Amino acid sequence: MSIPDPGSIAVDNAAPVTLRRLRRFVRNPLGVVAASILVIVALGALFAPLLAPHDPNLIVLSQTLLGPSWEHPFGTDASGRDVLSRLLYGGRVSLEAGVIMIVTAMAVGIPFGLLAGYYAKWIDGISSWVANLLMSLPEILIIVVVITTLGSGLAPTMITLGLLASPDLFRLTRSVVVNVRSELYVDAARVSGLKDGRIIFRHVLSVVVGPVLVRASFVFGLAIIVQSGLEFLGFGDATRPSWGGMLSEAFQTFYRAPELVFAPGAAIALTVMSLVVLGAAIADALGTDRMTAPRSRGARRARKAAAIVAAPAASAPAVSDPAVPANTPGGAPSNALLSVEGLRVAYPAGDGEEKVVLEGATLHVDRGEVLGVVGESGSGKSQLAFGILGLLPVEAVVSAERVVLDGESVLGRSERFLEGLRGTKIAYVPQEPMSNLDPSFTIGAQLMRPMRHNLGISRGEARNRALALLARVGIPDPPRTMRAYPHELSGGMAQRVLIAGAVSCDPELLIADEPTTALDVTVQAGVLSLLRELQQERDMGMILVTHDLGVVADICDRVAVLRSGRIVETKPVAELFAAPEHPYTRELLASTLDDAPTRAERARTGTAS
Amino acid sequence: MVRFVLRRLLAGVFLAWVVVTGMFFFLALTGADPARGAVGLYATDDQLAAKRAQLGLDRPLLEQYWDWLSHAVRGDLGTSSAQNTDVLELLVTRLPVTVSLAIGAVLVAAIIGATLGLIAAIRPGAIDRILQIVMVLGFGLPNFWIAMILALLFAVRLGWFPATGYIPFLDSPVGWLSSIVLPVIALSIGSIAAIAQQLRTSVITVSSQDYVRTLRSRGLPARQILLTNVLRNAAPPALTMLSLQFIAAMSGAAIVERVFGLSGIGSVAINASGNSDIPVIMGVLLFTVLLIVTVNLVIDIAYSALNPKVRAA
């Protein structure tokens, strides 16, 4: 008797494309079956007087508990009444109950949802509180109270249930309004002449229809279930046949004739399930995806493939695309810390197509060397970083010709093997500090766990190391920070914590993915020089992914320029700035040099040392 | 933490007060007449008036309300207007039946639902698909219908469990368990599906968070991350679902009781409704709402233990 959380249904903001949605709906076989069942039930109830072979209330005591026959296709009940006729008429009660409940729930929930979402403040506070109150009431007991004075007619009970279900639609509408409002306020300044209210209500109404339809199908199902439960308890109109009432009567003779519970039970179950399936089908057709991850067989295969660093995917040929990467630096030196050849990353784009985000990437990093990877957003920089770490999303299709880390091939190795490398050989500093710390654990716990796991050290030892690390990365009060939760830190502090975490198990290669992009300009320089210091102190290799050529000039030894998934040029930094070969590199440099010629100048001399 | 619990406790008590007060006045103002319920339809006007005076219904409404509330606060829920029995005593004998069913169903649903949801989230495919079907089935089949089928199969045909009757825990723990197994299963199926679905959604959402990837980059095994970090961050919405399921189970228990001939709060409420027995109805309401408030409080505390931001707020 519960309905799934309204929050789990995403809001569809796209303009209505009714036809396409209708086509998508019709293509869903389950949805069509469900809709057909509902149409049959509705028609059966509507035309019950024409369709029913007998008077549903006609008691024939000589013909009780008959099995199916031509005369009585579903047999007769304990009073000799025709089961099929009663089923057909019973549908009327269920449908009426559903309509009353859903109309009440909508009439109350939607307007209050609009008001609460739009005016916020106290209206929101009060109505949200009332919604919570209604949601914590046991419905049957409230119905018992109502029945005590208003009788067990369909209207009072279903209106009450509609009120109790209204928080569901209230919350849904409210969240839609809040979303639309926060989006529209951005544009509101540009829209002149129209009042916010009118815009919002127009937009909201177009957006809210879909999700409300989905919820309505659930509430309708709930109405049928609860109403039949009330009938089962004896709260109902005994003169009107109903599915719940039939179950209640069947229960009286249950141990003599248990088969009587099947027909009304099936009627309820089929109708309610059809409503649920129909709701889900509408949701799918509207594109209100219910948080389903890719579930196809292809995606599963891809998950396996992606779990292996740069391993040939099961579905892909072992040797990747023969397209030779532009500007191959004549093979990596054999003593390179990491060398990657021909790394390719693609994503299934539906219809069996693939979207290639990285093609034939070849690079190497030496011990103590900083390799910059530059390129504009969308050029595949982060894909390269995660590809090397083996941490691409499950649906990625990854392949490579060669991946060697510290003299050992990691191509096609097990996930367990890779877990052994991560943290201790190869580590990662993320871009966005706040979203990369687990909000539910203290900084100390997050720092200590990998150390204890990877280094096998005791709790106390891990604690001491964590404190020393925090002090090293410039955290002013390490013991206090150990106890803090991520939301209590500033972005700059969080990034320092993440850097401490990355180097905590003495990795030999550090991959930093735009480590300063999300930070305040004032703390960027500090974080960057911390990275550089740690890299030099520990003689680590580092791959620094960035879009900022200034950063490259500051701390990189060599640079790989990435454009649309391909490495177009790899060179020592001074050479690149002095003599860019590829037209794209020149373009990139020109745009930056215009802004900061002095910085590049400084870099040329600074990194030559 | 203490302040958090106190504030939640106060909010819960306030909610319970609003509900019982609202219901008290609703009953009185819509014309529920316990005196008529007690003396029957064919009593004379004099008898009715005498009963009204005896029950104190001739006093002003506010005075009646204050009388009820001030006694209720001290644990005195008055006397049934129809049967002359003490309401508290009645509830204390009947409530354990319903509470056993509801709490049993929620515990079963939490354990099985969480396991299924977790498995469905990490092993897409057959299990996930089966879960989706169970979800629809669990919602579509009325729990009292499931109860009847279970009773028929496992009590009547196979004789594994008693078909009817409740055995108090203190009389025989094993008997108690076997007397509630079938109703608890019937009640929990819908909740299992709802909790599994919720946890599946939130595990999938949390698994794609940046910090999960970062934890993996530190060399922690995927399974350890799933069972500690992902599960802990995915649990709060599932906990909220759990408290909704408890409320639903209280309602469901009132219906399923009848199938197994258990006389819990459901049958008390139905009888009381027929007799307009306001003291009993109010007692049932108060107990149920307080129970729900308590369960919500426990879940809130668990929620805050999982979510440091809530605790700090």
Within region B:130-168, residues being more than 8 Å from chain A (Cβ to nearest Cβ), farther than 14 Å from B:Ile192 by Cβ and over 23 Å from the mean Cα position of the chain (by Cα) number 9
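Residues of region B:216-230 being surrounded by 20 or more Cβ atoms within 10 Å (Cβ to Cβ) and more than 7 Å from chain A (Cβ to nearest Cβ), which ones?
Matches in region B:216-230: B:Ile225, B:Val230.
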When every residue in region A:239-293 that is of a type in the set (Gly, Ala, Ser) and over 19 Å from B:Phe144 (Cβ atoms) is compared, the one modelled with the highest pLDDT is A:Ser274
* Asked: Is at least one residue of region A:60-70 free of Cβ contacts under 8 Å to residues at least 40 places away in the same chain and in contact with a Phe, Trp or Tyr (Cβ under 9 Å, 6 or more places away or on another chain)?
  -> yes
Query raised in the report: Do the conditions hold for B:Leu57, that is, is it surrounded by 14 or more Cβ atoms within 10 Å (Cβ to Cβ) and outside any helix (DSSP H, G or I)?
Result: yes
Being in contact with a His (Cβ under 7 Å, 6 or more places away or on another chain) and either over 19 Å from A:Ala263 (Cβ atoms) or not charged (D, E, K, R) (or both) narrows A:Ser128, A:Ser85 down to just A:Ser85
In the set A:Val403, A:Val398, A:Val373, the lone residue that is in contact with an Asp or Glu (Cβ under 8 Å, 6 or more places away or on another chain), buried (at least 19 other Cβ atoms within 10 Å of the Cβ) and of a type in the set (A, V, I, L, M, F, W, C) is A:Val403
Selection from region B:274-313 of residues of a type in the set (Gly, Ala, Ser), closer than 28 Å to B:Asp86 by Cβ and either more than 11 Å from chain A (Cβ to nearest Cβ) or part of a helix (DSSP H, G or I) (or both) yields B:Gly274, B:Gly283
Scanning region A:583-603 for residues that are within 22 Å of A:Ile543 (Cβ to Cβ) and either among the basic types (Lys, Arg) or modelled with pLDDT of 85 or more (or both) gives A:Arg599
Checking A:Ile426, A:Ile457 in turn, the sole residue that is crowded, with 22+ Cβ neighbours inside 10 Å and hydrophobic (A, V, I, L, M, F, W, C) turns out to be A:Ile426
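Any residue in region A:69-89 that is within 14 Å of chain B (Cβ to nearest Cβ), touching a helix residue (DSSP H, G or I) at 6+ places or on another chain (Cβ under 6 Å) and part of a helix (DSSP H, G or I)?
no
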Reported set for region A:228-279 where residues are more than 10 Å from every other protein chain (Cβ to nearest Cβ), within 30 Å of A:Phe25 (Cβ to Cβ) and not small (Gly, Ala, Ser) is A:Leu278
Considering region A:162-214, residues that are modelled with pLDDT of 60 or more and aromatic (Phe, Trp, Tyr), and then whichever is surrounded by the most Cβ atoms within 10 Å (Cβ to Cβ), we arrive at A:Phe170
| So is B:Leu158 without any contact (Cβ under 8 Å) to a residue 40 or more places away in the chain and either buried (at least 20 other Cβ atoms within 10 Å of the Cβ) or within 17 Å of B:Ala254 (Cβ to Cβ) (or both) or not? | no
Within region B:36-50, residues modelled with pLDDT of 80 or more and surrounded by 13 or more Cβ atoms within 10 Å (Cβ to Cβ) come out as B:Gln47, B:Leu48, B:Ala49, B:Ala50
Here is a check on your reading of the model: is B:Ala38 away from chain A (no Cβ under 13 Å), touching a Lys or Arg at 6+ places or on another chain (Cβ under 6 Å) and either of a type in the set (D, E, K, R) or touching a residue at least 12 places away in the same chain (Cβ under 8 Å) (or both)? yes
Scanning region B:195-214 residue by residue, those in contact with a helix residue (DSSP H, G or I) (Cβ under 6 Å, 6 or more places away or on another chain) and at the interface with chain A (Cβ under 7 Å from one of its Cβ atoms) turn out to be B:Gln197, B:Gln198, B:Thr201, B:Ile204, B:Asp210, B:Tyr211, B:Thr214
Note on region A:434-469: residues within 11 Å of chain B (Cβ to nearest Cβ), under 23 Å from A:Glu488 (Cβ atoms), assigned to a helix (DSSP H, G or I) and not aliphatic (A, V, I, L, M) are A:Ser435, A:Asn436, A:Gln446, A:Arg449, A:Pro450
Filter region B:220-229 for residues that are closer than 19 Å to A:Leu418 by Cβ and in a helix (DSSP H, G or I); the one that is farthest from the chain's Cα centre (by Cα) is B:Ala222
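The values are calculated or read from the model by the stated rules, or taken from the named source; none is laboratory data. Quick caveat, the model's predicted, so the values are computed rather than measured. Because the Cβ atoms are built from the backbone with ideal geometry, glycine has one as well, and the counts that use them run over all protein chains shown.
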